[in-house]
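Working notes, structure below.
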Protein chains: 2
Amino acid sequence: MHSITYISAQFQTLQDFICQKLEAADGIGKFQEDLWMRAAGGGGRTRTISGEKIEKGGVAFSAVHGPLPDTLVKSMQLEPGNFFATGVSIVLHPESPMAPIIHMNVRYFETSGGRWWFGGGIDLTPHYIVDADARDFHLALKSCCDQFHPDFYSKFKDQADSYFYLPHRKETRGVGGIFYDYLNDSCGLSQAELLNFCLALGRLFPDIYADLLQRAAQRPWGTPEKKWQMLRRGRYVEFNLVWDRGTRFGLETDGRTESILMSMPPGAEWIYNFQPDPEGPESKTLLALKPGIDWINA
Amino acid sequence: MHSITYISAQFQTLQDFICQKLEAADGIGKFQEDLWMRAAGGGGRTRTISGEKIEKGGVAFSAVHGPLPDTLVKSMQLEPGNFFATGVSIVLHPESPMAPIIHMNVRYFETSGGRWWFGGGIDLTPHYIVDADARDFHLALKSCCDQFHPDFYSKFKDQADSYFYLPHRKETRGVGGIFYDYLNDSCGLSQAELLNFCLALGRLFPDIYADLLQRAAQRPWGTPEKKWQMLRRGRYVEFNLVWDRGTRFGLETDGRTESILMSMPPGAEWIYNFQPDPEGPESKTLLALKPGIDWINA
């Protein structure tokens, strides 16, 4: 078993690696760093960027510990005691409406009672869905998953479809990706192998996004596309504040608000009952915001 | 006892009265109306405005009925059966950052088991707090409350301070107002008197806001004030989506999303860890976003 110190050091290194690659992909923006401490134990390193291609982005590392919250003891049937949690969490909002919003998270949780698990995922939220982008994104995730476990991709893809869903809009957040939680050795892989899986995903992430930004750079856009982007960002806000378990848990348990809400877009708009042109690309995107689409073979 | 038909007709007339007054206050904007039906029973009349002084606003009436949701049966210790609910709900976002956002709601709930109660409130969210505006707003509410019950204002003012609060920001939403719920004849007033209290509040509402808009018209503003308004609107979004019980209940129980999210601002912005000039009016406003301020005698 790796120690929590080892795992958090690996995640911290992953944050460095990702930030460096993203700065290169943006070309102009540089990450600003905020160190913070948590009264109950631990702290974090929040990095934010406001660049040329990435309008607003955050790459956060944290490693926190303390007494297990009662709600978690009950919901997870844990022995009361202490917990340790570490992870890297990312949301990037691009300047171009033709590029997608992306989210990634890898995390590790351990209790003093001897329970441990990994969680995480990557999902893509295009303002305008481009089938080839969605396909190649899913192919890259599948290829990474397949190196570790033959069931991971299809299982985690389904879980992403369920998780990144807005019931009040009857829409998925985007084209999905993968999502996993409570992943431990019951899947047949050791703690060290699962850590390697999380790290492999994390290392893959900046290349995936750099490629998507490069593709989007070829696509012209103007005021109507920017307007649509603002409305889609409104949906992103709705998902994060109403449904995202991590965001809600953080806000309800007095987490560090600025780090949690790093995921908010730079701006968002709401128009009452907006209906896009049924013949336009906006409507085409809305029609594809459904769970269960096989993007690889679509 | 008034019938549910009578009460909902009164609320519908109140909606007409308020819309007419608000159109006059705006000078340019006209309400657009959407009628909708609810599959499980009832429906509503959602009216929205996009005017000159009111950038985005909604005045919604609804009257719905159906089987009591299980969650409500449990939380309110009700006899299972049917419910009927009717109300008027309003949020107005002004164009000028020097004018406040305002919210008002009056509602009536009745069960087939014979339980009934009123709920409602008015609260004010200035982007820039003006002490005299906050004082006169509270004076108007107090004067209306005092006509019905000597304890209403102070009790409902405290409840507004508790309710319109963002724990994750350690801020009140604005300068408060009044908030009440589960109000029935145990307070000493009859159902008819409590209905009159709700209607009096509702009729007072457009005059209060017209006066506030008129005051704000004298206050010049430019880009920095608009920027601040966008950030404060971000906080409004956070309150509504994370903490507002009505919004969350509606979204989680498959309510009509467009009517529920009529309260969203036209636009909102987020900047990571934004700190206003400590000497500026923005900081002065932040310092006053605390519960328990006696605005009338401050």
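The values are calculated or read from the model by the stated rules, or taken from the named source; none is laboratory data. Note that this is a predicted model, so its numbers are computed, not measured. All Cβ positions, glycine included, derive from the backbone under ideal geometry; neighbour counts span all protein chains shown. To get the accessible areas, we keep the full protein, side chains included, count just its heavy atoms, and leave off ligands, DNA and RNA. Shrake-Rupley method; radii C 1.70, N 1.55, O 1.52, S 1.80 Å.
At a Förster radius of 41 Å, what calculated FRET efficiency corresponds to the Cβ-Cβ distance of residue B:72 and residue B:132, to the nearest 0.05? Numbers along the way, then the final one.
On the way: r = 41 Å, r/R0 = 1.01.
It comes to 0.50.
So which residue, out of B:100, B:206, B:281, gets the largest mean-square fluctuation from a GNM of chain B using Cα contacts under 10 Å as springs?
Taking springs between Cα atoms under 10 Å, the residue moving most is B:281.
Between residue A:226 and residue B:162, what FRET efficiency comes out of the Förster formula 1/(1 + (r/R0)^6) with R0 = 35 Å and r the beta carbon distance, rounded to 0.05?
Working: r = 40 Å, r/R0 = 1.14.
So, using R0 = 35 Å, E works out to roughly 0.30.
I'd like the mean, over residues of A:266-278, of how many other protein chain beta carbons sit within 10 Å of each residue's own Cβ. Walk me through the intermediate numbers first.
Values: counts 5, 8, 10, 6, 13, 7, 16, 11, 1, 0, 0, 0, 0.
Shielding by partners across A:266-278 averages 6.
Which of B:38, B:173, B:232 ends up with the largest GNM mean-square fluctuation for chain B, with Cα atoms connected below 10 Å?
Ranking B:38, B:173, B:232 by mean-square fluctuation puts B:38 first.
Find the sum over both chains of the accessible area lost when A and B are paired, probe 1.4 Å, and report it in Å² to the nearest 100. Write out the running numbers ahead of the final one.
On the way: alone 13890 and 13880 Å², together 24990 Å².
Chains A and B together bury roughly 2800 Å² of accessible area.
Report, as an integer, the average count of C-beta atoms from other chains found within 10 Å of each Cβ along A:47-59.
Details: counts 1, 3, 1, 2, 0, 0, 0, 0, 0, 4, 1, 1, 0.
So the per-residue partner count for this stretch is 1.
Which residue, B:182, B:236, B:272, has the most motion in a Gaussian network model of chain B that connects Cα atoms within less than 10 Å?
With Cα springs under 10 Å in chain B, the top fluctuation among B:182, B:236, B:272 is at B:272.
Using a 7 Å offset from Cα along the direction of the beta-carbon, what are the separations from residue A:139 to the same position in each other copy, nm, ascending?
Spelled out, the distances from residue A:139's label point are 7.2 nm.
Please give me, ordered by residue number, the GluC sites (Glu not before Pro) of the stretch A:262-294 that lie in loop per DSSP and have at most 12 other Cβ atoms within 10 Å. Kindly include the intermediate steps, with their values, before the conclusion.
On the way: sites: A:269, A:279, A:282; in loops: A:279.
Hits after loop and neighbour filter: A:279.
Which three extents, in angstrom, do the Cα atoms of the protein assembly as shown have along their principal axes, listed largest first?
The Cα atoms of the protein assembly as shown stretch 72, 52, 51 Å along their principal axes.
Computing the accessible area with a 1.4 Å probe over protein heavy atoms, can you report the carbon and sulfur percentage for chain B? Display every interim value, and only then the final one.
On the way: 6630 of 12490 Å².
Roughly 53 percent, rounded to a whole number.
Using the crude model of +1 on Lys and Arg Cβ and -1 on Asp and Glu Cβ, and no other charge, please compute the dipole size for the protein assembly as shown relative to its Cα centre, in debye to 20. Let's see the in-between values first.
Working: 60 positive and 72 negative charges, 24 e Å.
Computed charge dipole of the protein assembly as shown: roughly 120 debye.
With every protein chain present, what is the per residue accessible area of chain A (1.4 Å probe, Å²)? Present the calculation step by step, with values, prior to reporting the outcome.
Numbers: 12500 Å² over 298 residues.
Result: 42 Å² of accessible area for each residue.
Largest first and to the nearest Å, give the Cα extent of the stretch A:158-298 along each principal axis.
So the three principal-axis extents are 51, 40, 27 Å.
How big is Rg to Rh over the stretch A:4-287, alpha-carbon atoms, Rh as the Kirkwood inverse-mean-distance radius? Working shown, then result.
On the way: Rg = 18.6 Å, Rh = 19.5 Å.
Rounded to two decimals, Rg over Rh is 0.96.
Once label points are set 7 Å from the Cα along Cα→Cβ at both residue B:192 and residue A:253, what is their separation, rounded to one decimal in nm?
It is 5.4 nm.
Using 7 Å Cα-to-Cβ label points, what is the residue B:215/residue A:210 separation (nm, one decimal)?
Calculated label separation equals 5.6 nm.
Could you give me the percent of Cα pairs per 5 Å distance bin for the stretch B:177-249, shortest bin first, beginning at zero and ending with the bin that holds the maximum distance?
Binned Cα distances yield the sequence 3, 11, 11, 14, 18, 17, 12, 7, 4, 2, 0.
Give the average, rounded to an integer, of partner chain Cβ atoms located within 10 angstrom of each Cβ in A:258-264. Mind showing how you got there, number by number?
Details: counts 7, 2, 1, 8, 3, 1, 8.
Averaged over the peptide's residues, the number is 4.
What pairs from A:157/A:290; A:142/A:284; B:74/B:155 go past 21 Å between their alpha carbons? Present the calculation step by step, with values, prior to reporting the outcome.
Working: A:157/A:290 13 Å; A:142/A:284 25 Å; B:74/B:155 26 Å.
Over 21 Å Cα-Cα: A:142/A:284; B:74/B:155.
Between the stretch A:129-158 and the stretch B:162-230, what's the alpha-carbon centroid distance in Å?
First find each Cα centre; the distance between them is then 50 Å.
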